[in-house]
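The values are calculated or read from the model by the stated rules, or taken from the named source; none is laboratory data. Here the structure is a predicted model, which is why all the values come from computation and not from measurement. Note that we place each Cβ from the backbone using ideal geometry, even for glycine, and neighbour counts take in every protein chain shown. These accessible areas exclude ligands, DNA and RNA; they are computed on the full protein's heavy atoms, side chains included. Shrake-Rupley method; radii C 1.70, N 1.55, O 1.52, S 1.80 Å.
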Amino acid sequence: MNGIIDIGNSRVKWAVFDGETLVESGNSLYGEWTSIQKTHARHKPGTWFMSSVQTLPEPGDLGFDYEILDLDSTLPVTIQYTTPSTLGKDRIAAICGARYLFPGSACLVIDAGSCITFDIMDEKGNYFGGSISPGIEMRLKAMHTFTGKLPLLSWEEPEGFIGDSTRTSMLQGVKQGVLGETQHQIRQYEEKFPGLKVLITGGDASFFEKNLKKGIFAAPNLVLIGLNTIRQYKQSLNA
């Protein structure tokens, strides 16, 4: 049994795997460790493996020790990124998850969260990088912050594509902007990488999946799968 924890910008996700099989998963706010502790008590995984974009919790806060994904971790992909020290660990894990799900295929991973990240890997497992742009909520907040009169809106998908008020115009701007950007990026990558598989994950993944439709694989647990893949790969090398 492997326990996996992914600490993101706003949520903490965790899972327990029996080999490659997902046994249990859940999520909570950062700092709320009770559910993870109960999961640990139920399954007693032999090891916990963690990725975090925030301050790491103390083992005493969790009640168990853990290993972390760092720059020295052995990976089942080859990193071609020129500044690997700045590469988000969730991006590394997601691309490893894509490699597990579609071995031998070029993969584009779209993570629709606080930011929208695009990460590309070729069919040989070479990871090159991609792009980072503001996510849905960030775009709404930016319009309010950097103007004098535009309101601060919460995201709600508008109907159609024409905004008939300030509120719906702002929502349409975000909707059409992120969808247009994503469609353009997918087309560019498809031209360069034949047989490309496109995977989408993150908190806003369902919005993109519904509106893009064409050949998109929803993978809500992609980072967790990737972390488990990295952990298993390391264990196989040490066997």
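Among the residues of the stretch 123-134, is there at least one that is more than 29 Å from Arg231 (Cα to Cα), out of contact with any Phe, Trp or Tyr (no Cβ under 7 Å at 6 or more places or on another chain), part of a loop (DSSP other than H, G, I, E, B) and modelled with pLDDT of 95 or more? No; the residues of the stretch 123-134 include none that is more than 29 Å from Arg231 (Cα to Cα), out of contact with any Phe, Trp or Tyr (no Cβ under 7 Å at 6 or more places or on another chain), part of a loop (DSSP other than H, G, I, E, B) and modelled with pLDDT of 95 or more. Within the stretch 198-215, the residues that satisfy the criterion of being open to solvent by less than 60 Å² (accessible area, probe 1.4 Å) and free of Cβ contacts under 8 Å to residues at least 40 places away in the same chain are Asn211, Leu212, Gly215.
The residues listed here are Arg231, Arg187; of these, the one that is among the charged types (D, E, K, R), surrounded by fewer than 14 Cβ atoms within 10 Å (Cβ to Cβ) and not in a loop (DSSP other than H, G, I, E, B) is Arg187. Residues of the stretch 216-226 that are open to solvent by 20 Å² or more (accessible area, probe 1.4 Å) and either in contact (Cβ under 8 Å) with a residue 60 or more places away in the chain or of a type in the set (A, V, I, L, M) (or both): Ile216, Phe217, Ala218, Asn221, Ile225.
From the list Gly177, Gly195, the lone residue that is open to solvent by less than 70 Å² (accessible area, probe 1.4 Å), out of contact with any Cys (no Cβ under 7 Å at 6 or more places or on another chain) and not in a helix (DSSP H, G or I) is Gly195. Inspection of the stretch 156-170 finds no residue satisfying the criterion of being in contact with an Asp or Glu (Cβ under 8 Å, 6 or more places away or on another chain) and more than 17 Å from Ala93 (Cβ to Cβ).
A quick yes/no check of all residues on (1) part of a strand (DSSP E or B); (2) open to solvent by 70 Å² or more (accessible area, probe 1.4 Å); (3) out of contact with any Ser or Thr (no Cβ under 7 Å at 6 or more places or on another chain):
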| residue | (1), (2), (3) |
| --- | --- |
| Ile4 | yes, no, yes |
| Trp14 | yes, no, no |
| Val23 | yes, no, yes |
| Asn27 | yes, yes, yes |
| Gly31 | no, no, yes |
| Pro45 | no, no, yes |
| Ser51 | yes, no, yes |
| Leu75 | no, no, yes |
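Within the stretch 156-174, the residues that satisfy the criterion of being open to solvent by 80 Å² or more (accessible area, probe 1.4 Å) and outside any helix (DSSP H, G or I) are Glu156, Glu159, Phe161, Ile162, Asp164. Is it the case that the stretch 161-169 has a residue that's out of contact with any strand residue (DSSP E or B) (no Cβ under 6 Å at 6 or more places or on another chain), closer than 30 Å to Ala98 by Cβ and at pLDDT 95 or above? No - not one qualifying residue is present in the stretch 161-169. Cβ-Cβ distances below 7 Å connect the following pairs, each with a first residue in the stretch 28-49 that is touching a residue at least 12 places away in the same chain (Cβ under 8 Å) and within 25 Å of Ser10 (Cβ to Cβ), a second residue that is in a helix (DSSP H, G or I) and not aliphatic (A, V, I, L, M), and a separation of six or more residues or different chains: Ser28/Ser35; Trp33/Asp61; Phe49/Arg231. Cβ-Cβ below 7 Å, separation at least six or inter-chain, first residue in the stretch 105-118 and free of Cβ contacts under 8 Å to residues at least 60 places away in the same chain and hydroxyl-bearing (Ser, Thr, Tyr), second surrounded by fewer than 21 Cβ atoms within 10 Å (Cβ to Cβ) and part of a strand (DSSP E or B): which pairs? Pairs that qualify, where the first residue is free of Cβ contacts under 8 Å to residues at least 60 places away in the same chain and hydroxyl-bearing (Ser, Thr, Tyr) and the partner is surrounded by fewer than 21 Cβ atoms within 10 Å (Cβ to Cβ) and part of a strand (DSSP E or B), are Thr117/Gly130; Thr117/Ile132.
Scanning the stretch 231-239 finds no residues that are within 13 Å of the chain's Cα centre (by Cα) and within 22 Å of Pro76 (Cβ to Cβ).
If you check Ile110, Ile79 for being open to solvent by 40 Å² or more (accessible area, probe 1.4 Å) and hydrophobic (A, V, I, L, M, F, W, C), only one passes: Ile79. For the stretch 205-224, the count of residues that are within 13 Å of the chain's Cα centre (by Cα) and under 15 Å from Leu75 (Cα atoms) is nonzero.
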